[in-house]
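The structure under discussion appears below in the form of structure tokens.
The values are calculated or read from the model by the stated rules, or taken from the named source; none is laboratory data. This one's a predicted model, so the numbers in the text were calculated from it and none came from an experiment. As a convention, Cβ positions derive from the backbone with ideal geometry for all residues, glycine included, and neighbour counts pool all protein chains shown.
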Amino acid sequence: MKKERRLAAGRQCDLRSQGGGTPRSRPADSRRSVVIITALAIAITLFGGSHFEWTRDAAPWRIVTSHFTHWTYEQLAWDALAFVGLGLACARRDGRAFHATLLASAIAIPLAVAVFAPHVIAYRGLSGIDSALFALLLVQNRRMPLAWLFAIAFVGKLCFEAATGGAVFASNMGVNVVAVPVAHLAGAVIGALIAFIRELRFGNLVPCGRFS
Amino acid sequence: MKRVILSILLCVVTPTLFAAGTLTPVGAAHSPIQIREHTVDVTIDNGFARTEVNQVFFNPNDSDLEAVYGFPVPSSASLSEITIMNGERVLNGEVIEAKEAKRVYQEERDSGNDAGLGECSCTKPKDEVEYMSYKFSVSPVRKQSEVKIRFVYYQPLKIDTGVGRYIYPLADGGTDEIAKSFWTRNPKVEQRFAVNVELKSGWPVDEVRVPGAEAEAKVTKLADGHYKVALDRSTGDLSKDFVFYYRLADDLPGRVELLTYKPKANEPGTFMLTVTPGIDLAPITSGADYIFVLDVSGSMAGKLATLARGVEQTLQQFKPADRFRIFVFSNSARELTSGFVAVSPQSVQEWSQKVQQLQPEGGTNVYDALKDGLDGVEADRATSILLITDGVTNEGIVDPKEFHALLKKYDVRVFGFLMGNNANWPLMRLIADTSGGFYSAVSNDDDIIGQILLAKSKITSEALHDAKLSISGVKTFDTTGEVIGKIYRGQQLVLFGRYDKGGEANVALQAKLTGQDQTYKTTFDFPETSTEHPELERMFGLAQIEEIALKEQVGLLPPNESEQAIRDLGVKYQLVTDYTSMVVLADDVFEKRGIARNNKQRIEVEHAAQSARAGASPINTRVDNNRPMFGGRSHGLKGGGAFDPWMVVLALFAAAMVVRIKQ
């Protein structure tokens with residue numbers, strides 16, 4: 001049974017990843033993006049503070065920079081750790097999808113907060129992008145072992161957050177700083193959409209190698 | 001070198017001295033009285049908290065002793081009950097004039113009879129009572145025996161930007177050097193330390209939190225606005241405050257809430273009116289000047305690191321168009337910066353590091369520092385002063401009237417942060433009120449950075465100016481806090497007062513917003529009779545006392561008149577104040593001495609009301625439902641994504657699998 005599943009996965013292997021007309025950017029570029037964004041997040045959180053957060057009356061460029069700044073070092077640590085792990089995995093898997101997800105979610109998340117969370121006056125954090133990357137990773141690798149388990153846990157967290165209006169594990173981001181479930185939801189939708197769009201255009205880019 | 005040795009000594013001594021605990025005279029030959037149990041039961045019910053503390057003292061010596069217990073005065077707390085259970089005997093407290101109470105206690109004690117005394121240095125220094133502290137004396141605690149003491153106090157709680165905060169103060173501010181030379185303190189709880197909080201809110205509560213004890217505290221959610229939190233330890237130490245936060249739901253409206261107590265239709269009633277503005281106060285976009293005035297006196301040892309972090313976090317919030325200046329003070333004041341510094345990532349980093357390097361030393365000369373700060377103001381720019389101190393003003397000019405006169409000369413808002421429990425909040429309140437700013441008391445175990453950021457969000461947002469709350473239609477009198485001056489973002493207004501008869505009242509909040517006159521109105525009924533909240537009378541009495549003390553400080557009331565008025569209010573509402581104390585005696589001794597049992601009657605009424613409320617669900621006390629006073633929400637919140645540790649582990653595991661598969 002396992003063998004059949006592996007074979008089925010292997011049939012959908014994308015040989016373009018071996019260099020034959022690949023629609024993806026080079027892994028080295030994507031890895032560089034992960035390093036640069038992580039370094040930016042650390043530097044901006046340490047030295048930039050509120051100069052980069054998104055607020056309702058802020059300059060439009062802060063839509064993008066809001067992801068790099070954080071309320072606390074603890075929030076930065078967890079968000080950055082997740083970003084590095086997910087970013088490297090996504091970048092290795094499909095660099096263009098990774099970059100597209102970064103760009104789309106960076107813009108869409110603060111806009112979603114602006115529209116669907118009217119009580120929130122300022123936003124910071126990489127976790128919306130983390131959610132987008134997690135969704136991208138899970139959809140693109142939905143045939144890998146335990147993928148359904150990860151998906152259930154992730155979707156469960158999103159649903160719980162949406163239902164309760166807060167984080168599953170209440171994080172300490174300071175007084176009057178609340179978790180914004182809509183940021184995670186928007187990120188997840190963007191990540192999943194990009195994975196499906198890529199799949200429709202180029203087929204399922206299951207990695208070649210072990211299964212092929 | 002001397003300074004280094006003193007600093008080391010201070011650090012070593014700090015944990016044992018700076019706390020609530022039993023007090024033993026310095027040099028006493030006997031072992032200190034032990035605290036076997038310390039349990040705290042808190043009920044937070046729609047705008048005010050009732051705190052009941054039960055303690056068991058044990059005398060390990062072979063002779064009878066007097067037990068003395070010191071405890072920092074909680075913010076706006078009205079100490080209302082003391083009960084002592086000494087063997088078979090139960091003693092209850094009555095508030096009388098302070099000197100008389102002390103005389104009665106000493107006579108009973110010297111005669112070998114059971115007696116107790118509750119005193120307070122609430123706003124003024126007092127012999128043998130630590131500044132800003134309660135002192136309880138119990139005599140005798142018989143050799144190798146236990147005695148139980150129970151006390152109760154009430155305090156109003158405000159919600160700030162949707163967050164309620166309750167503090168059970170235990171840590172001593174370490175600011176009263178004289179008291180330290182009298183007493184050594186034993187803060188250790190030998191057998192059981194427990195805190196139980198019941199939160200009953202008429203509005204949904206999204207989250208409750210006990211900073212520093214998140215893992216230990218057992219939280220039970222009974223309903224949307226009903227929580228129970230329990231913290232239970234086999235041993236404990238009364239050197240750290242217990243802090244409890246609760247966050248209301250995000251989308252609550254601006255509102256007016258009313259609590260009343262009027263047992264008889266033909267007699268005046270008491271009310272507590274809470275107004276939570278629902279007004280969009282936008283961030284200030286133009287550049288402004290901020291002057292930090294930082295206390296680096298000896299008592300700030302152990303708090304300076306937190307102060308430095310607070311300054312750093314606050315500096316990071318400023319805009320590039322802002323400027324800042326930093327003054328520090330101990331025995332005298334000096335400027336750390338040289339004139340105003342423009343905000344940039346580099347300047348923030350540079351000056352944050354310089355603040356981190358500050359060393360504590362000397363006394364507390366707030367006046368000189370404030371004067372230097374005010375002299376540095378440039379008239380053409382909006383300026384705010386952020387004064388951060390823990391101290392009792394003990395150097396230079398200390399007369400509150402001089403502070404009042406100084407601040408009246410400038411158009412500058414002063415925002416005060418009081419660190420620790422023995423800080424001089426009456427003076428800080430005067431400074432804040434005179435300048436149109438506000439002050440915030442911050443526990444050492446608090447989310448201090450969060451509190452500073454919360455204040456920062458107020459300073460950098462528009463405020464309502466010249467605010468005045470008026471009530472017509474129902475005759476009200478003796479109201480406290482009608483003229484508010486400024487209302488900052490997220491602030492709640494709490495008004496205490498008395499009213500003659502029930503009926504329809506028109507309530508209006510008039511204020512200026514960005515130069516335009518604004519009026520917010522509503523109409524609701526004051527009840528003809530209501531018996532649910534008799535505790536309001538005590539809180540009203542205390543609010544009156546605080547206003548009188550403030551008037552005395554700024555010279556609007558002569559000290560003798562102020563003293564008389566506070567004494568009368570203390571006896572009438574049975575409150576322990578600077579001039580009234582609670583003497584704790586057996587019923588027959590009260591009768592023998594002819595002391596009226598006013599407190600006994602009050603307590604009976606309060607207990608009956610509390611029993612009736614105990615089983616009930618949280619009640620929403622909003623009164624402007626039919627005609628809302630405000631159209632907007634009560635507060636805006638900041639948001640962030642929280643990728644919690646479990647989700648990070650899950651994501652990394654999934655990522656690792658994908659990478660492994662690819663390999």
* When you go through B:E37, B:E52, B:E88 one by one, which is the residue that is surrounded by fewer than 19 Cβ atoms within 10 Å (Cβ to Cβ), within 30 Å of B:I566 (Cα to Cα) and at pLDDT 80 or above? -> B:E52
* To do: For the range B:634-654, indicate whether the set of residues that are among the aliphatic types (A, V, I, L, M), more than 14 Å from chain A (Cβ to nearest Cβ), buried (at least 19 other Cβ atoms within 10 Å of the Cβ) and farther than 30 Å from B:S139 by Cα is non-empty.
  => no
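For the range B:260-334, which strands (runs of 3 or more DSSP E) that fit wholly inside it have 1 or more residues that are within 17 Å of B:S352 (Cβ to Cβ)?
B:289-295, B:323-329
Yes/no matrix, rows are residues, columns are (1) away from chain A (no Cβ under 14 Å); (2) touching a Lys or Arg at 6+ places or on another chain (Cβ under 6 Å); (3) at negative phi:
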{"position": "B:F340", "(1), (2), (3)": "yes, yes, yes"}
{"position": "B:S344", "(1), (2), (3)": "no, no, yes"}
{"position": "B:Q359", "(1), (2), (3)": "yes, no, yes"}
{"position": "B:N365", "(1), (2), (3)": "yes, no, yes"}
{"position": "B:P400", "(1), (2), (3)": "yes, no, yes"}
{"position": "B:A405", "(1), (2), (3)": "yes, no, yes"}
{"position": "B:K408", "(1), (2), (3)": "yes, no, yes"}
{"position": "B:M419", "(1), (2), (3)": "yes, yes, yes"}
* **Leading residue by the ranking (nearest to A:V120 (Cα to Cα)) among those in the range A:183-212 that are at the interface with another protein chain (Cβ under 9 Å from one of its Cβ atoms) and modelled with pLDDT of 90 or more** => A:A183
* Asked: For the range B:420-435, what are the residues that are more than 14 Å from B:Y367 (Cα to Cα) and either at pLDDT below 80 or of a type in the set (V, I, T) (or both)?
  -> B:G420, B:N421, B:N422, B:A423, B:W425, B:P426, B:T434
* **Top-ranked residue in the range B:217-267 [being acidic (D, E) and surrounded by fewer than 20 Cβ atoms within 10 Å (Cβ to Cβ); ranked as nearest to B:L495 (Cα to Cα)]** => B:E267
* **Test for B:T529: is it in contact (Cβ under 8 Å) with a residue 60 or more places away in the chain and over 22 Å from B:Q574 (Cα atoms)** => yes
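How about the range B:465-508: which strands (runs of 3 or more DSSP E) wholly inside it have at least 3 residues that are more than 14 Å from chain A (Cβ to nearest Cβ) and closer than 23 Å to B:G269 by Cβ?
Numbers: elements: B:476-480, B:483-487, B:493-499.
By residue number, B:476-480, B:493-499.
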* Answer with yes or no whether A:R5 is buried (at least 17 other Cβ atoms within 10 Å of the Cβ), at pLDDT below 65 and within 14 Å of chain B (Cβ to nearest Cβ). => no
* Asked: For the range B:452-464, how many residues meet the condition of being crowded, with 22+ Cβ neighbours inside 10 Å and either touching a Pro at 6+ places or on another chain (Cβ under 6 Å) or modelled with pLDDT under 70 (or both)?
  -> 2
* Do the conditions hold for B:N394, that is, is it at pLDDT below 90, out of contact with any strand residue (DSSP E or B) (no Cβ under 9 Å at 6 or more places or on another chain) and either surrounded by 14 or more Cβ atoms within 10 Å (Cβ to Cβ) or aromatic (F, W, Y) (or both)? -> yes
* Out of the residues in the range A:42-75 that are under 18 Å from the mean Cα position of the chain (by Cα) and buried (at least 22 other Cβ atoms within 10 Å of the Cβ), state the one that is farthest from the other protein chains (Cβ to nearest Cβ). => A:F68
* What are the residues in the range A:30-85 that are of a type in the set (D, E, K, R), in a helix (DSSP H, G or I) and within 15 Å of A:A106 (Cα to Cα), if any? -> A:R62, A:D79
* To do: List the number of the failed condition for B:G631; all other conditions in (1) more than 30 Å from B:I279 (Cα to Cα); (2) touching a residue at least 12 places away in the same chain (Cβ under 8 Å); (3) within 14 Å of another protein chain (Cβ to nearest Cβ) hold.
  => (1)
* Asked: Checking B:D110 against (1) among the acidic types (D, E); (2) without any contact (Cβ under 8 Å) to a residue 60 or more places away in the chain; (3) more than 19 Å from B:S581 (Cα to Cα), which test does it fail?
  -> (3)
* To do: Would you tally the residues in the range A:77-108 being more than 8 Å from chain B (Cβ to nearest Cβ), among the aliphatic types (A, V, I, L, M) and either buried (at least 22 other Cβ atoms within 10 Å of the Cβ) or on the phi > 0 side of the Ramachandran plot (or both)?
  => 5
* Asked: Has the range B:575-596 got any residue that is in contact with a Phe, Trp or Tyr (Cβ under 7 Å, 6 or more places away or on another chain) and of a type outside the set (A, V, I, L, M, F, W, C)?
  -> no
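Hey, can you tell me all the residues within the range B:193-230 that are in a loop (DSSP other than H, G, I, E, B) and in contact (Cβ under 8 Å) with a residue 60 or more places away in the chain? Break it down into steps so the answer makes sense when it comes.
Here is the first cut: in the range B:193-230, the ones in a loop (DSSP other than H, G, I, E, B) are B:201-204, B:210-217, B:224-225.
Matches in the range B:193-230: B:S201, B:G202, B:W203, B:P211, B:G212, B:G225.
Go over the candidates A:V180, A:V120, A:V175 one by one and state the one that is facing another protein chain (nearest Cβ under 7 Å), touching a strand residue (DSSP E or B) at 6+ places or on another chain (Cβ under 9 Å), at pLDDT 80 or above and surrounded by 21 or more Cβ atoms within 10 Å (Cβ to Cβ). Spell out the reasoning first.
Values: A:V120 fails: at pLDDT 80 or above; A:V175 fails: at pLDDT 80 or above.
Being facing another protein chain (nearest Cβ under 7 Å), touching a strand residue (DSSP E or B) at 6+ places or on another chain (Cβ under 9 Å), at pLDDT 80 or above and surrounded by 21 or more Cβ atoms within 10 Å (Cβ to Cβ) holds for just one of A:V180, A:V120, A:V175, which is A:V180.
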* **Residue tally, condition within 14 Å of chain A (Cβ to nearest Cβ), within 18 Å of B:P618 (Cβ to Cβ) and not β-branched (V, I, T), over the range B:222-250** => 8
